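The next block holds one structure in the form of structure tokens; read it before the comments.
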Amino acid sequence: MTAHAHVEEHFAGSNKLFISIWVWLVVLTLVEIFLAYKPMPIHLMLIVLLGLSIIKAALIMAYFMHLKFERLSLILTLIPMLVVCILLLFVFFPDSFRSAGLRYKFKEQPPVAPAQVEE
Amino acid sequence: MSTEARAGHFPAVDWEGGAFPYRVGHRKLGMWLFIVSDSLTFSALLIGYSYLRASNVWPTPFPFYPSIVFSSVMTFCLLSSSLTMVFGVSASSKGDKAKARKWILATIFFGVTFIVLHLIEWQHLIHEGMRPFFLPEHWVQVFTTTDGVPPSPLFGATFFTITGLHMFHVASGAVYLLIVALRVNKLKHEDIEISGLYWHFVDLVWMFVFPLIYIMSVDVGGHLAK
């Protein structure tokens, strides 16, 4: 890149592309709402929902926030740092399972309540 | 653009990306860094919520109507507002400031609709008896496990904190966009693009709040209705 290089005012991506991204986002949201009423183990549900959310977030960042059309160095500066920091926040998480196990356990079978809830 | 032309005096420009490694203005880089820090705030809150949820009996009280219907329409509003925002930025890049203003005003309209619907939805839950630190009496009865462990009263705390902080972001984003729309002729294209970045970020956060808070707490069997 030589001295005559300048910041592009051009905003890449056609309106047709943006509409198709919007359609994808709406469809994925509808899938999420559909899944809400499908009985499935809570861990599987969490994984599927988070997977869909990450896809949606990636679509928004790449196209709406224009990151796909930015220089790679910007993407590499922002995204890995964010991912690593978020993963570091999970450092405390195993403690939640420990505190759940600290509850008093009934020796005999307690009377069955009218509604049983998972978890 | 002129700044980079002036940078021709520096030898660093010989290496592509040497003097301007990101090829974005300092304002835009600043907004990106703010967005990264703000996503960490929301990540911390959502992980804190997951922590509480994993270590407690958690109620799943949201009925199809009003909660899920409202939150789905709200999601649709935010997604559509992102689309109108991107149209606005696109118009601005072509120099059509009047069209950009119209699209930005449409974005504000969707944003305000989101807030109004969200407040109505809050009103339903508050009316039901949900508060930050305790649950409605009939929820406690329904969601107490067979072991006799009651559901966590912190349900309301996590709900109101996370959705409230998000609503605050939408509200401040609407004010920000209103200022941008009013001053659109004086602003550079990049400044309009930066306001778009913030707005899309607010949309992006909702893409995590909606499934984790709403979809994961649906009252599937209709326990509360019985």
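No lab work stands behind these numbers, since they all come straight from the coordinates. Since we're looking at a predicted model, the values are computed, not measured. No Cβ is skipped: glycine too gets one built from the backbone with ideal geometry, and neighbour counts run over all protein chains shown.
Data for the structure
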{"item": "Anisotropy class of the range B:26-217 from Cα gyration tensor, a/c 1.5 cut", "result": "prolate"}
{"item": "Inter-probe distance in nm under a simple model that places probes 7 Å from Cα toward Cβ, at A:SER20 and B:VAL69", "result": "3.5"}
{"item": "Listed residues B:LEU125, B:LEU212, B:SER195: farthest to the positive end of the dipole of the range B:26-217 (Cβ charges)", "result": "B:SER195"}
{"item": "Virtual spin-label span in nm between A:MET40 and A:ILE54, 7 Å along Cα→Cβ", "result": "1.5"}
{"item": "Helix B:189-209 axis, angle to chain B major axis (alpha carbon atoms, nearest 10°)", "result": "20"}
{"item": "Whole-angstrom gap from the range B:172-226 to the range B:75-153, using each part's C-alpha centre", "result": "8"}
{"item": "DSSP loop chymotrypsin sites (Phe, Trp or Tyr not before Pro) with at most 11 other Cβ within 10 Å: longest gap in chain B", "result": "B:16-132"}
{"item": "Between helix B:26-54 and chain B: long-axis angle, C-alpha atoms, 0 to 90°, nearest 10", "result": "10"}
{"item": "Estimated [θ] at 222 nm from DSSP helical runs (n ≥ 4, -39500 (n - 2.57)) normalised by residues in the protein assembly as shown, nearest 500", "result": "-21500 deg cm²/dmol"}
{"item": "FRET efficiency, A:LEU76 to B:ARG27 (Cβ-Cβ, R0 25 Å, nearest 0.05)", "result": "0.75"}
{"item": "Rel. contact order, % - alpha carbon contacts under 8 angstrom, at least six apart, chain B", "result": "30"}
{"item": "Förster radius 25 Å - calculated FRET efficiency between B:ASP38 and B:LEU119, Cβ distance, rounded to 0.05", "result": "0.65"}
{"item": "Under 30 Å from the Cα of B:LYS188 - lysines, other chains or at least 8 residues apart", "result": "A:LYS16, A:LYS56, A:LYS68, B:LYS28, B:LYS94, B:LYS97, B:LYS99, B:LYS102"}
{"item": "Prolate/oblate/rounded call for the range B:19-82, Cα gyration tensor, a/c under 1.5 rounded", "result": "oblate"}
{"item": "Three-way shape call for the range A:15-81 based on the alpha-carbon gyration tensor, with the a/c threshold at 1.5", "result": "oblate"}
